[in-house]
Amino acid sequence: MGASLEGDLCEFRVWAPAAAGVRLRLANEDGTSEHAMQFAGDDEFMLRAFARAGDRYSYLIGQHAPVPDPVSRLLPQGVHTSTEVVDPEKFCWTDGDWRGLPLNDYIIYEIHVGTFTPEGTFDG
């Protein structure tokens, strides 16, 4: 899912189970364009288009306002704006020596709301 660069092309994939169709809005140095995405099965839509790292995109579903990619790697202007295409191969990692925490320092707590409150709801 998301945007994956493949040379001069970028494959955009989104899971949209209730959508009859999805359009991709792509903005780059050449302007803004919209492209119909193809149904790829399993409630997924896909499109390969010319795009580079730094280009911005969002999805249009029906008559709704554009939405960012739900699996965005970068939302430079906030969660309600376009997603930026990122090339993960170009990222300069600076934490190569970090090895995480020892397992005995982890605290993992899972609780089901239905068993935690008498009402069985988040509001309860």
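The values are calculated or read from the model by the stated rules, or taken from the named source; none is laboratory data. Given the structure is predicted, the values throughout are model-derived calculations rather than measurements. A quick note on method: Cβ atoms are made from the backbone with ideal geometry, for glycine too, and the neighbour counts reach across all protein chains shown. For the accessible areas, the whole protein counts, side chains as well, though only heavy atoms, and no ligand, DNA or RNA atoms are used. Shrake-Rupley method; radii C 1.70, N 1.55, O 1.52, S 1.80 Å.
The spread of Cα positions in the chain, taken along each principal axis and listed from longest to shortest, comes to 53, 44, 29 Å. Measure off, as a whole percent, the carbon and sulfur share of the 1.4 Å-probe accessible area of region 51-91, all protein chains present. After summing per-atom areas, the C and S share lands at 55 percent. Protein-only accessible surface at a 1.4 angstrom probe places the residues Glu84, Glu6 in the order Glu6, Glu84, largest first. The slack in the chain from Ala20 to Ser4, taken as 0.36 nm per residue of separation less the alpha-carbon distance, amounts to 3.4 nm.
Summed over the residues of the chain and divided among them, the accessible surface reaches 74 Å² per residue at a probe radius of 1.4 Å. Judged by the ratio a/c of the largest to the smallest principal axis of the C-alpha gyration tensor, region 55-124 counts as oblate, that ratio being 1.5 or greater while a/b is no larger than b/c.
Our helix-only sum for the chain, with -39,500 (n - 2.57) per DSSP H run of n ≥ 4 divided by its residues, gives a mean residue ellipticity at 222 nm of -500 deg cm²/dmol. Between the C-alpha center of region 74-124 and that of region 1-36 there is a gap of 25 Å. Near Val113: Cβ cut-off under 13 Å, other residues only, Lys/Arg at +1 and Asp/Glu at -1. The net charge is -3. Given 0.36 nm per residue, what is the gain on full extension from Thr121 to Arg73 after removing their alpha carbon distance, in nm? Gain on stretching Thr121 to Arg73: 14.1 nm. Taking all Cα pairs closer than 8 Å and separated by 6 or more residues, the relative contact order of region 1-117 comes to 21 percent. When the Cα positions of Gly54, Trp93, Gly114 are compared along the charge dipole of the chain, Gly54 comes out farthest toward the positive end, with charges on each C-beta of Lys, Arg, Asp and Glu.
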